[in-house]
């Protein structure tokens, strides 16, 4: 039996045992104060390290604990996504510790040190420096926002600390030939192929292919990467980009941009923005009766808080997503059980951000188990040897074919998972319905193009 299958079986028993065990208390440790819950210690930004126990810095197999630095926005504009991700990470490792910890290291427990980026890439740099230099973390996970990922990846590389990126999907981050930085979830180029594969599949069945497109993007690393991707795919598929508008995040008024989209005759508008801007953009699309179908590239449109904020106006919005709850309809009982436990703990079901937190935690556990060491180079070797399939327990939630970190993809990205894929969703009656890819759901069923506002 292959080593990865043996380890996968171990991981599976850990995941399921934790899920079946039930809820414990009503939530995770506070994001703003030191706490210990289920042997997972969470320390907030600016706190001092309180544990003096040896972590086994020599990299020997038997040690008391392994320290993972968790870098996420727990306050600020993107805190909703950061908190969801943190909750899932803590849930995973509480279960993991309760079920024996890292067996190859003599049952070492995982200690989480959580740092708040405050939704700022500048603060993210300060905090990753603190995690590495003051907290002496063995490995890092996070952040949210591509700008924060781009700013912190060079720091991890400088100090030689392995770093698994979550929800920082800009392609350019992984085009720097980093030795210590990896990404298991999707990138922006994957989003483009998913969107236009959906358009072409829909055209094959229903005979409709959009020709005129508008792109409205925030002027950040992520927004500009999305714009470049859309422009490239529109041109490759014979379409016309009739509006190209950048804006500063937390915009106070989209009216002039939306009226430009309306007068252009665009059939599709791609808005690239986080939650606050996504809410305002949708409200003003309705207010100004701009009938272009919203096709979002993730961002704020895939947060469960989006529907709560815009209500019925969210109906018929199409969004490419790294994950959606409907994926569980195509997975096994393990995924449903993970969602059930998360829901019982936090009062809401999994979304893309919490699913990414749980999934990436499973990858870290798998890597550390095979590394059998806190030595950075051995951890990197384990990352590079990762080769998981869709039926391995680390993929219990995910639609991916697996996890494999390429030395270099054809698009120039290194250490980017080559087996990941996005989904297409449409909001119908206040819920995200998975409508693609065709390889998973079959013939696409959706309202496309979206009905005019006056007809809703």
task = Just need the relative contact order of the stretch 347-455 here, percent rounded to a whole number, with Cα pairs under 8 Å and 6+ apart.
result = 13 percent
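For the stretch 249-297, what is the relative contact order in percent, using Cα pairs closer than 8 Å and at least 6 residues apart in sequence?
52 percent
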Per-pair calculated FRET efficiency, R0 = 51 Å: residue 443 and residue 250 via Cβ, rounded to 0.05 = 0.80
In Å, descending, principal axis extents of the Cα set of the stretch 309-456 = 61, 40, 27
query = Given a Förster radius of 60 Å and the C-beta distance between residue 289 and residue 381 as r, what FRET efficiency does 1/(1 + (r/R0)^6) yield to the nearest 0.05?
reply = 0.55
Potential lengthening between residue 455 and residue 103 on full extension [0.36 nm per residue; Cα-Cα distance subtracted] = 120.8 nm
inquiry  = If I take every Cα pair under 8 Å that is 6 or more residues apart in the chain, average their sequence separation and divide by the length, what percent do I get for the relative contact order?
reply    = 18 percent
remark   = Taking 370-376, 402-408 and ranking on average Cβ neighbours within 10 Å, highest first, one gets 370-376, 402-408
ask   = When the chain is fully extended, how far beyond the present Cα-Cα distance does residue 337 get from residue 193, taking 0.36 nm per residue of separation?
value = 48.7 nm
request  = At 37 °C and 0.692 mPa s, grab the translational diffusion coefficient of the stretch 214-353 from Stokes-Einstein with a Kirkwood Rh over Cα pairs, rounded to a whole number in µm² per second.
outcome  = 204 µm²/s
Structure-based [θ]222 nm, the chain - -39500 (n - 2.57) summed over DSSP H runs of at least 4, per residue, nearest 500 = -12500 deg cm²/dmol
query = Sorted from fewest to most neighbouring beta carbons within 10 Å, what does the list 286, 249, 255 look like?
reply = 255, 286, 249
query = Using a Förster distance of 25 Å, how high is the FRET efficiency between residue 64 and residue 157, based on the Cβ-Cβ distance and rounded to 0.05?
reply = 0.35
ask   = Can you put 202, 144, 178 in order, fewest other beta carbons within 10 Å first?
value = 178, 202, 144
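Sort 302, 75, 117, 194 so the one with the fewest other Cβ atoms within 10 Å of its own Cβ comes first.
75, 194, 302, 117
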message = Restricting to bridges with both residues inside the chain, how much of the DSSP beta-bridge set is antiparallel, in percent to the nearest 5?
response = 35 percent
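Could you give the length gained by full extension between residue 428 and residue 407, i.e. 0.36 nm per residue of separation minus their alpha carbon distance, to one decimal place?
Using 0.36 nm per residue and subtracting the Cα-Cα distance, I get 3.5 nm.
Laboratory data are not the source of any read-out in this text; all were calculated from the coordinates shown. None of these values were measured; they are calculated from a predicted model. Neighbour counts run over all protein chains shown; Cβ positions are idealised from the backbone, glycine included.
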